[in-house]
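What follows is a set of notes on a single structure, which appears directly below.
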Number of protein chains: 2
Amino acid sequence: MTLKEPEAIAKSGVEETRLRILAAARKLYAERGSRGTTTREVADLAGVNEATLFRHFGTKQQLLAAMYDHFSEASAYVSILERMLEISGMEAQLRFLGAEAIESLRRKEDLIKVSMAEEIAFPEAGTCAWRAPVAGKLMLTEYMRERVEAGELQGDPETLARIFMSLFFAYVMANRIWSGEERPRDSVVQTIVDTFVNGARPR
Amino acid sequence: MTLKEPEAIAKSGVEETRLRILAAARKLYAERGSRGTTTREVADLAGVNEATLFRHFGTKQQLLAAMYDHFSEASAYVSILERMLEISGMEAQLRFLGAEAIESLRRKEDLIKVSMAEEIAFPEAGTCAWRAPVAGKLMLTEYMRERVEAGELQGDPETLARIFMSLFFAYVMANRIWSGEERPRDSVVQTIVDTFVNGARPR
DNA sequence: GCCACATGCAAGTACCCGCTTGCAGAGGTT
DNA sequence: AACCTCTGCAAGCGGGTACTTGCATGTGGC
């Protein structure tokens with residue numbers, strides 16, 4: 001612990017402080033929006049002095065941007081796609097993808113709602129929060145194109161991708177409002193994918 | 001203009017003031033959220049003194065509630081359902097419904113986003129803003145039940161209703177984020193309804 | 001021992017916001 | 001003319017908020 005990586009130890013403390021602040025910001029911003037949350041509250045929740053918060057991030061808006069950036073998980077989508085392709089059978093692949101989409105959306109539901117509301121006032125944050133879903137849609141469009149060319153699906157690939165994602169997007173976003181009873185996740189995924197692939201017409 | 005309806009003339013002026021304030025509140029709240037908007041700004045945009053705003057609505061929160069209440073159009077759904085039932089053929093009915101849903105959602109997109117972001121901080125407003133969609137889903141569930149009993153569709157009616165509405169909900173909400181090119185509305189409706197009824201599998 | 005640095009602490013600045021108040025004018029009613 | 005109601009205007013109150021500053025403390029590296 002003496003001379004390996006000069007400022008690593010100090011940095012690790014610094015980094016942990018940063019992370020605590022970012023986590024606190026996410027929690028409070030998600031609950032009340034960035035405008036409904038004071039920097040003092042964020043600092044308190046992070047167990048940090050307000051001055052420290054400003055020394056790290058400079059501005060409340062820069063803190064917001066840093067938060068979106070840190071929690072966007074844009075890279076996660078690639079690994080999901082890779083794991084999906086290891087599964088055989090289109091419907092099983094789509095079910096896997098749907099389940100992952102629900103998990104991902106649910107994890108970021110709070111951020112998405114905040115960014116929706118603040119996208120006009122603070123557009124950078126909006127684009128940042130949406131970066132991952134947009135990337136996901138691009139990859140899914142490519143997948144749909146292959147399915148269509150293979151004769152397994154029909155229609156415009158981009159529209160298919162959008163419809164597919166819409167189903168899960170709306171399921172998560174509107175869950176609290178529309179839900180009667182909460183159904184188990186796998187059953188929901190099964191129903192949605194089945195309807196997407198086969199439609200609602202009786203067979 | 002002398003003695004018909006004693007305070008009607010005065011009231012009409014009063015009513016117009018109220019409406020101007022409500023419209024201004026909607027515009028600004030939609031742009032920046034209720035917390036991001038000051039009562040002074042609302043009053044200015046309405047061309048009204050701030051004191052007048054408070055004399056009308058008492059509190060900023062009461063203004064917000066009054067705004068949701070005024071713009072919710074909860075009654076519109078009944079007439080849409082009635083007009084839909086005059087059309088013959090399930091797919092044509094669903095296309096009509098989808099087109100109306102897009103129009104209605106687009107008109108209220110701003111309010112929905114505001115209420116989404118504020119539903120935790122101010123739940124009453126949320127329920128108020130969602131009253132109309134919830135009522136619409138109930139009616140649509142009933143419709144789906146009839147289609148299923150008639151053998152025209154299969155599945156759980158409530159789930160079918162939810163899937164159907166989700167498709168249009170997400171289409172409007174995520175339009176700005178996902179859109180490549182804007183497609184004509186009727187074409188979009190056609191594609192979505194067709195996929196809902198027949199699925200994406202080639203025929 | 002000394003330096004560099006991250007942090008806590010306390011106080012403060014300069015503004016902003018929701019909301020109130022008192023007064024005055026304008027319009028219509030009786 | 002007397003009155004009532006709606007409104008504008010200007011000032012202000014109390015509290016909050018983003019952000020700053022100066023100083024003290026502790027910790028690890030040289």
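Taking each residue as 0.36 nm, the span from A:GLU182 to A:GLU86 lengthens on full extension beyond its C-alpha to C-alpha distance by 31.5 nm. Over chain B, dividing the summed -39,500 (n - 2.57) contributions of all DSSP H runs of at least 4 residues by the number of residues returns a 222 nm mean residue ellipticity of -25000 deg cm²/dmol.
Per-residue Cβ neighbour counts within 10 Å put A:GLU31, B:GLU182 in the sequence B:GLU182, A:GLU31, beginning with the fewest. In this simple spin-label approximation, A:VAL78 and A:ARG40 carry label points 7 Å from Cα along the Cα→Cβ vector, and these lie 4.5 nm apart. Can you bin segment A:8-71 into rounded, prolate or oblate? Criterion: square roots of the alpha carbon gyration tensor eigenvalues sorted a ≥ b ≥ c, rounded for a/c under 1.5, prolate for a/b above b/c, oblate for the rest. Taking the square roots of the gyration eigenvalues as a ≥ b ≥ c, segment A:8-71 is prolate.
Calculate how steeply helix B:185-198 sits against the longest principal axis of the alpha-carbon atoms of chain B, using the helix alpha-carbon long axis, and give the answer as 0 to 90 degrees to the nearest 10. Roughly 50 degrees, rounded to the nearest 10.
Label points for B:ASP44 are taken 7 Å from Cα along Cα→Cβ. From this copy to the others they lie 3.1 nm apart, shortest first. Between B:GLN190 and the same site in the other copies, what are the distances in nm, shortest first, taking label points 7 Å from Cα along the C-beta direction? When each copy's label point is compared with this one, the spacings are 3.6 nm. What angle, in degrees between 0 and 90 and rounded to the nearest 10, separates the Cα long axis of helix A:157-173 from the longest principal axis of the Cα atoms of chain A? Taking Cα atoms only, the helix is inclined about 60 degrees. For chain A, a crude dipole built from +1 on the beta carbon of Lys and Arg and -1 on the beta carbon of Asp and Glu, taken about the Cα centre, is about 480 debye to the nearest 20. Go through B:LYS60/B:LYS137; A:LYS113/A:LYS137; B:LYS60/B:LYS113; A:LYS27/A:LYS137; A:LYS113/B:LYS108 and tell me which ones have a Cα-Cα distance over 25 Å in this structure. B:LYS60/B:LYS137; A:LYS27/A:LYS137, as the Cα separations exceed 25 Å there. Axis of helix A:60-71 versus longest Cα principal axis of chain A: the two differ by about 50°, to the nearest ten degrees. Here segment A:13-89 and segment A:137-166 have alpha carbon centers that stand 33 Å from each other. Extension gain for A:ARG145-A:THR59 works out to 26.5 nm (0.36 nm per residue, less the C-alpha to C-alpha distance). The mean number of Cβ atoms from other chains found within 10 Å of a Cβ in peptide B:155-162 is 4, as a whole number.
Read the figures in this text as sums done on the coordinates, not as results from a lab. Quick caveat: nothing in here was measured; it's all calculated off a predicted structure. So basically every Cβ, Gly included, is an ideal-geometry build from the backbone, and we count neighbours across all protein chains shown.
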